Structures are given as C-alpha cells and as structure tokens.
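Chemist: There's a structure below that I have some questions on.
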Amino acid sequence: MQESSKKWIEVGYKMFAKDGPDGINVERISKIIGASKSAFYRNFIDREVYFSELVEQHSLICLQYFKDIKLIKQWDPDFINLVIKYKTSVLFQIQLRKNMDKLLFKEAFEKIKKRNDKECLHLWAAYLKIPENNEVALQLLHLFSDALSLRLTCENMTYKLLFNLGDEIRNIIYSLQTLSRINNESRSYTMVI
C-alpha cells in the first residue's frame, strides 16, 4: 500500500467502524488527512475500490487478532480485554454485519466470523462451563455476538458491558441446568412413590 493510500485507509477504517459505509465521507477524510478530494480518486478510483481496501485492511488486522487469541488462556478477563484492545476492528466487523446486503461486506463478515468462532469457541465453552458441548456453546456464542452488535457502540465498549453480557448468558445456562436438575429429581421422587 502506498503511503498516500495508507492515511486514507487508516482514517476511513475508523469512520467505517463508527458509522458504516454511509459514514464514509471523502471530503471529511480529505480534510482530516490534509489532502484534496481528487487525491482520493487518484488512489482508489471510486468508493467500491476504497471499500475493498478497507475490507482488506480489516482482514490484515484480524490476522493479528487471531494470533493474539492463541496466546490467551481464558474468556474472562483475557478475551474480554483482547476485544477491547481491538475495539475498532470489532466495531468494523459489526458494521460489516449490519451491511450484509452488499456482497463484499457479507463475504468479509462471514469469513472473519467463521475464523473467530474457531479460535475462541474453546474459551467461551470453558467460561460457560460446558466445554463438552461445543454445539450449544457455538449457538450461544452467536447469540452473544448478535446481542453485542445490538448493544455495542464506540462510546460504551467497556469491560463491564462485555462481562455483563457474557454473565447474562452464563446465568441463563445455570438457571436451565438448575431447572433440569429439579425436574429430574421430581421425576425420580414420583417414580419412588
């Protein structure tokens, strides 16, 4: 990537993460980086090429994120802190999800989501205390991700928000396990009588 293109990508990546593709404003970016609007078109030809470059940048950042996941041992606090470290990339991924009507964004979202599922599922399953049930853990990871995409903004992305959301799901599992145990004991008691 050329040095002149790099500035456009860095600023655009943050804008996309915050406001999605509709938030990308060439004039605003040009003012931030101190370049002319025509410089944008010399570097990228059009918005579609620019979006492709932003998605490529996202993929590169996520490669490092996936390497970092391999170094952590547990969901809380390690993974939660990693998500905060990669705040802009998480928000970018959420914007891809919200804009999946565009094929480029859909394909990029699904590729990263699939790899994220693979890399963090064992941490999530252990956190939920269901390490033997990856299928259920994966479904709950998707529920966590969906809820996160609805609740998360640039302003409120904190350890507390991420922890509380994970804890909500863990408490649901605990309640279901307790209910199941009570039902099983009730059946056993009925059979004895």
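The values are calculated or read from the model by the stated rules, or taken from the named source; none is laboratory data. All values reported here derive from a predicted model rather than from experimental measurement. Virtual Cβ from ideal backbone geometry, glycine too; neighbours counted across all protein chains shown.
Chemist: Among the residues in region 154-165, are any among the acidic types (D, E) and not in a helix (DSSP H, G or I)?
Modeler: So far as region 154-165 goes, yes, one or more of its residues are among the acidic types (D, E) and not in a helix (DSSP H, G or I).
Chemist: Out of region 154-178, which residues are under 22 Å from K87 (Cα atoms), free of Cβ contacts under 8 Å to residues at least 24 places away in the same chain and out of contact with any Leu (no Cβ under 8 Å at 6 or more places or on another chain)?
Modeler: E155, N156, K160, N164, D167, E168 - these are the residues of region 154-178 that are under 22 Å from K87 (Cα atoms), free of Cβ contacts under 8 Å to residues at least 24 places away in the same chain and out of contact with any Leu (no Cβ under 8 Å at 6 or more places or on another chain).
Chemist: With the structure loaded, tell me whether S4 is without any contact (Cβ under 8 Å) to a residue 40 or more places away in the chain, touching a Phe, Trp or Tyr at 6+ places or on another chain (Cβ under 7 Å) and more than 24 Å from K87 (Cβ to Cβ) or whether it fails that test.
Modeler: no
Chemist: Looking only at region 79-95, which residues are surrounded by 16 or more Cβ atoms within 10 Å (Cβ to Cβ) and either charged (D, E, K, R) or in a helix (DSSP H, G or I) (or both)?
Modeler: F79, I80, L82, V83, T88, S89, V90, L91, F92, Q93, I94, Q95
Chemist: Continuing with the same structure: Just to be sure, is V11 within 21 Å of R97 (Cα to Cα), exposed (fewer than 13 other Cβ atoms within 10 Å of the Cβ) and either touching a helix residue (DSSP H, G or I) at 6+ places or on another chain (Cβ under 9 Å) or of a type in the set (A, V, I, L, M) (or both)?
Modeler: Against the criterion (within 21 Å of R97 (Cα to Cα), exposed (fewer than 13 other Cβ atoms within 10 Å of the Cβ) and either touching a helix residue (DSSP H, G or I) at 6+ places or on another chain (Cβ under 9 Å) or of a type in the set (A, V, I, L, M) (or both)), V11 does not qualify.
Chemist: Considering I112, I80, I94, I84, which residue is over 19 Å from F16 (Cα atoms), under 16 Å from the mean Cα position of the chain (by Cα) and modelled with pLDDT of 95 or more?
Modeler: Residue meeting the stated conditions: I80.
Chemist: Within the bounds of region 46-61, is there any residue that is acidic (D, E) and surrounded by 15 or more Cβ atoms within 10 Å (Cβ to Cβ)?
Modeler: Yes, region 46-61 contains at least one residue that is acidic (D, E) and surrounded by 15 or more Cβ atoms within 10 Å (Cβ to Cβ).
Chemist: Provide a single number: the residues in region 2-51 that are of a type in the set (S, T, N, Q) and closer than 30 Å to M157 by Cα.
Modeler: Residues meeting the conditions: 3.
Chemist: Which residues, counting only those in region 57-72, are without any contact (Cβ under 8 Å) to a residue 40 or more places away in the chain and more than 16 Å from the chain's Cα centre (by Cα)?
Modeler: Matches in region 57-72: L71 only.
Chemist: Look at region 34-69 and say how many of its residues are touching a Ser or Thr at 6+ places or on another chain (Cβ under 9 Å) and of a type in the set (V, I, T).
Modeler: 1
Chemist: Which of the residues that make up region 20-46 are closer than 20 Å to I94 by Cβ, touching a residue at least 24 places away in the same chain (Cβ under 8 Å) and either assigned to a helix (DSSP H, G or I) or of a type in the set (S, T, Y) (or both)?
Modeler: P21
Chemist: Related question: Considering each residue of region 96-105, count those that are touching a residue at least 40 places away in the same chain (Cβ under 8 Å), part of a helix (DSSP H, G or I) and surrounded by fewer than 21 Cβ atoms within 10 Å (Cβ to Cβ), and give that number.
Modeler: Of the residues in that region, 3 qualify.
Chemist: If you go through region 121-136 one residue at a time, how many are surrounded by fewer than 20 Cβ atoms within 10 Å (Cβ to Cβ) and touching a residue at least 40 places away in the same chain (Cβ under 8 Å)?
Modeler: Of the residues in that region, 3 qualify.
Chemist: A further question follows. For E168, indicate whether it is among the acidic types (D, E), closer than 28 Å to I94 by Cβ and in a helix (DSSP H, G or I).
Modeler: Answer is yes for this residue.
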